[in-house]
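Chemist: I am attaching a structure below and will ask some questions about it afterwards.
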Amino acid sequence: MPQSKEEIVRYVNDWIARMKQRKQAGASDASAFAEVTLEEEVQAPVEASSAEPVFPPDPQERALRERFREMRRLSHGQWFAGNPYSSRLQTELFYKQAKLMADMEDDYEGQALFSMYFPDYQSMGYEQLRTYFTWRSKVRRGVVEKTSFSYVFVYLYELINHIGVRDCEEGFRRLMALWEAYRPFEPKLDQYLSEWIGDYYVVNNFSRPFEALLLEYPLLQSFYPTGEKAGEDAFARYYEPFVPDFCRKTNFWTEETRPALHGCFNAVMEAVERQLSTVGLTFEDLLFVECKGHPWRPFHSALYHVDFAKTPAGKTVVLPAGGIYCFDGERWNLQLNRLSRASGREMLRYVARRIEQFYRKATGFRYSIKVNREKLASPELARFPGGDEGFFTCVDAAIAAYYRASNRKTVTVDPQKLEQIRARAQLTQEKLLAIPQEPEEAAPCAMANSSSDGSKAKAHEEASPALLGASTQPPGEAGPWERFAAALSAEESAALRLLLRGASGAELAGYARQRHIMLEVLWDGINDKAVDTVEDTILESAGVPQVFPDYQDELESVMFK
């Protein structure tokens, strides 16, 4: 049996180590075992014997053991309390000890193994602590070596608790650096860090949007989609799914026109987002309905010391395909499933139709369309800077700006050839100046003024997207819709009434066969007369025919008198 205090301590620690090895395999309370140490005692000096010299202990080891004892003293009154060991107590102790050991460095040559669930310092022995801090010292210098997986978790716990980092930006970089360097050793790291990275972004105050981090770290793109407001056409890919399908099924949406329409939609929504940001809003605020969600706890599978003191009430964070995280001052809430407002979808529908209207006009397409802004009765427009007029102006300006930029031609001139052109032009000018000129007759002032005014009017008409499809009706004359109804043949009128009553495609095809008319010819004839009278097509004739919703009311009023 051991006799001295040192022998007793070694005996107890050996026994604890054996018990820990048994418990760590499957029991959750294995961490309740810890190394036993002796406090220093003041002893009377012992006279040295010439037969048995006294060797003083190694100063470095003595200092390390004292540092570890100081760390363990933080558990007094808590670690061995009578209450069962809880996650909250373990987290609080880990956080205190981590702050104390934040600057600890070591160069231990040994390799003590360590394995447990929710690992911490208190459960490590002397050799394990030295192994861990030596490994951490190398990681901080950029050298990542394979070690016991539990040591890796202890380091990750430190980072998410801001131990050893200046701010969250540095903490994020260190998390990503360890993830990228250590995942070849342990692929299971993905399932933890793919979640913790998102949690880390939510609870901290970053100066950049999460989408910017996705572009900077390709590894994240395997776990977070980049389709949501990330990349060059981010806004189009994010908001286009909320545009009604029929807007993209017209005969103008082809493989040739799609890139321009898609790019213009992205540019418009980007401009809309910029305008809304001036009043602290995003288009998501106008599109989605708010919901309460459910309570959410960050880093639920880690030792994380919650500190809400730095989190302002009302903070909201949106992660790609990860929902909306809201802090109410006491806890976080997570909203996963968001409902879109019908009024918000109508705003997107207006944008898509307005873009198509402009490009039909700009490309000289056979059929033009009209977009009635008065039918956009969205209460969300009141939240836009400048109200509804501000929204319409923003959309039109963005369409025109994108069209000009995308059609701008770049001319590259060789400087040497340019100099030759200038020399020839100078020579030609000298020859012309040597020829006597006869006086020219002055152009009539009235003609010059008329031409000038006409050019200005034409240029203004072509440059202004607001002039697309506007028409006036003199008093006392039949309106355009009445003229349209009068221009239809008997077959066209009957077919259009069937369509307005909700007839199926088979019923319409049967009617066309009875009249010995091809259905496509019938719809083209109706659209041609619509263009001549109301200056717009009214039917989508690709596939199953349907009436554009913009003109449903007008058609019913004139076709069912």
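Chemist: Out of all the residues in region 364-374, is one or more part of a helix (DSSP H, G or I) and out of contact with any strand residue (DSSP E or B) (no Cβ under 8 Å at 6 or more places or on another chain)? Give the derivation first.
Modeler: Residues of region 364-374 part of a helix (DSSP H, G or I): 373-374.
Those left that are additionally out of contact with any strand residue (DSSP E or B) (no Cβ under 8 Å at 6 or more places or on another chain): 373-374.
Scanning region 364-374, I find at least one residue that is part of a helix (DSSP H, G or I) and out of contact with any strand residue (DSSP E or B) (no Cβ under 8 Å at 6 or more places or on another chain), so the answer is yes.
Chemist: Hey, another quick one. Looking at Arg513, is it open to solvent by 40 Å² or more (accessible area, probe 1.4 Å), under 46 Å from the mean Cα position of the chain (by Cα) and over 23 Å from Val371 (Cα atoms)? Step through it out loud before you land on a result.
Modeler: Details: open to solvent by 40 Å² or more (accessible area, probe 1.4 Å): yes; under 46 Å from the mean Cα position of the chain (by Cα): no; over 23 Å from Val371 (Cα atoms): yes.
No.
Chemist: Within region 391-414, does at least one residue satisfy the condition of being among the acidic types (Asp, Glu), modelled with pLDDT of 85 or more, closer than 28 Å to Gln552 by Cβ and open to solvent by 90 Å² or more (accessible area, probe 1.4 Å)? Give the derivation first.
Modeler: Step one: of region 391-414, the residues among the acidic types (Asp, Glu) are 396, 414.
So of that shortlist, the ones also modelled with pLDDT of 85 or more come out as 396.
Next, from what is left, pick out any that are closer than 28 Å to Gln552 by Cβ: 396.
Those left that are additionally open to solvent by 90 Å² or more (accessible area, probe 1.4 Å): none.
No, region 391-414 has no match at all.
Chemist: A follow-up question, please. Using beta carbons and a limit of 8 Å, which pairs, at least six apart or on different chains, have the first residue in region 267-281 and more than 14 Å from Phe392 (Cα to Cα) and the second one open to solvent by 20 Å² or more (accessible area, probe 1.4 Å) and of a type in the set (Ser, Thr, Tyr)?
Modeler: Every condition considered, the pairs that remain are Ala267/Tyr402.
Chemist: Does region 367-387 hold any residues that are closer than 14 Å to Gln275 by Cα and surrounded by fewer than 17 Cβ atoms within 10 Å (Cβ to Cβ), and which are they?
Modeler: Ala382, Arg383, Pro385, Gly386, Gly387 - these are the residues of region 367-387 that are closer than 14 Å to Gln275 by Cα and surrounded by fewer than 17 Cβ atoms within 10 Å (Cβ to Cβ).
Chemist: Could you say whether any residue in region 522-540 is open to solvent by less than 20 Å² (accessible area, probe 1.4 Å), at pLDDT below 80 and either touching a Leu at 6+ places or on another chain (Cβ under 7 Å) or not in a loop (DSSP other than H, G, I, E, B) (or both)?
Modeler: yes
Chemist: Another one. Mind listing just one residue for me: the one in region 45-88 that is in a loop (DSSP other than H, G, I, E, B) and closer than 18 Å to His305 by Cβ and, of those, modelled with the highest pLDDT? Full working, then the answer.
Modeler: Let us first name the residues in region 45-88 that are in a loop (DSSP other than H, G, I, E, B), namely 45-58, 74-86.
If we keep only those that are closer than 18 Å to His305 by Cβ as well, we get 74-75, 78-79, 85-86.
Working: Leu74: 91, Ser75: 85, Gln78: 59, Trp79: 49, Tyr85: 50, Ser86: 67.
Only one residue fits best here, namely Leu74.
Chemist: In region 89-103, is there at least one residue being out of contact with any Gly (no Cβ under 8 Å at 6 or more places or on another chain), at pLDDT below 95 and more than 28 Å from Asn205 (Cβ to Cβ)?
Modeler: Yes: one or more hits.
Chemist: Name the residues in region 109-132 that are surrounded by fewer than 19 Cβ atoms within 10 Å (Cβ to Cβ), in contact with a Lys or Arg (Cβ under 8 Å, 6 or more places away or on another chain), assigned to a loop (DSSP other than H, G, I, E, B) and of a type outside the set (A, V, I, L, M), would you?
Modeler: Result: Gly110, single match.
Chemist: Looking at the structure I just gave you, is Lys99 in contact with an Asp or Glu (Cβ under 8 Å, 6 or more places away or on another chain) and either outside any helix (DSSP H, G or I) or open to solvent by 10 Å² or more (accessible area, probe 1.4 Å) (or both)?
Modeler: Judged against the criteria, Lys99 is not a match.
Chemist: List the residue pairs whose Cβ atoms are under 8 Å apart, where the first residue sits in region 486-510 and is touching a residue at least 24 places away in the same chain (Cβ under 8 Å) and within 13 Å of Trp523 (Cα to Cα), the second is of a type in the set (S, T, N, Q) and open to solvent by 60 Å² or more (accessible area, probe 1.4 Å), and the two are 6 or more positions apart or on different chains.
Modeler: Matching pairs, first to second residue: Leu499/Gln546.
Chemist: Please work out if Lys146 is over 30 Å from Tyr325 (Cα atoms), without any contact (Cβ under 8 Å) to a residue 12 or more places away in the chain and basic (Lys, Arg).
Modeler: On the way: over 30 Å from Tyr325 (Cα atoms): yes; without any contact (Cβ under 8 Å) to a residue 12 or more places away in the chain: no; basic (Lys, Arg): yes.
No; evaluated as a whole, the condition is false for this residue.
Chemist: How about region 317-359: which of its residues are of a type in the set (Asp, Glu), open to solvent by 10 Å² or more (accessible area, probe 1.4 Å) and part of a helix (DSSP H, G or I)? Show your work before the answer.
Modeler: Residues of region 317-359 that are of a type in the set (Asp, Glu), as a first pass: 328, 330, 346, 356.
Add one more test, that the residue is open to solvent by 10 Å² or more (accessible area, probe 1.4 Å), and what stays is 328, 330, 346.
Hit for region 317-359 is Glu346, nothing else.
Okay, residues lined up against (1) within 17 Å of the chain's Cα centre (by Cα); (2) touching a residue at least 60 places away in the same chain (Cβ under 8 Å):
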| site | (1), (2) |
| --- | --- |
| Cys247 | no, yes |
| Tyr304 | no, yes |
| Lys310 | no, yes |
| Gly323 | yes, no |
| Phe327 | no, no |
| Gln335 | yes, no |
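Chemist: Over 30 Å from Arg88 (Cα atoms) and open to solvent by 50 Å² or more (accessible area, probe 1.4 Å) - does that describe any residue in region 294-304? Show your work before the answer.
Modeler: As a first pass, look at region 294-304 and keep what is over 30 Å from Arg88 (Cα atoms): none.
Scanning region 294-304, I find no residue that is over 30 Å from Arg88 (Cα atoms) and open to solvent by 50 Å² or more (accessible area, probe 1.4 Å), so the answer is no.
Chemist: If you don't mind, there's one more thing I want to ask. Of the numbered conditions (1) open to solvent by less than 10 Å² (accessible area, probe 1.4 Å); (2) under 20 Å from Gly164 (Cβ atoms), Gly142 fails exactly one; give the number of that condition.
Modeler: (1)
One line per residue, one yes/no per condition, for (1) modelled with pLDDT of 95 or more; (2) surrounded by 14 or more Cβ atoms within 10 Å (Cβ to Cβ); (3) not aliphatic (A, V, I, L, M):
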residue: Val154; (1), (2), (3): yes, yes, no
residue: Asp167; (1), (2), (3): no, no, yes
residue: Arg174; (1), (2), (3): yes, yes, yes
residue: Tyr217; (1), (2), (3): no, yes, yes
residue: Ser222; (1), (2), (3): no, no, yes
residue: Ala234; (1), (2), (3): no, yes, no
residue: Thr250; (1), (2), (3): no, yes, yes
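The values are calculated or read from the model by the stated rules, or taken from the named source; none is laboratory data. On a predicted model such as this, the values are computed, not experimentally measured, just so you know. When we count neighbours, we look across all protein chains shown, and the Cβ atoms used for this are built from the backbone with ideal geometry, even at glycine. Accessible surface is based on the protein model in full, side chains and every heavy atom, while ligands, DNA and RNA are left aside. Shrake-Rupley method; radii C 1.70, N 1.55, O 1.52, S 1.80 Å.
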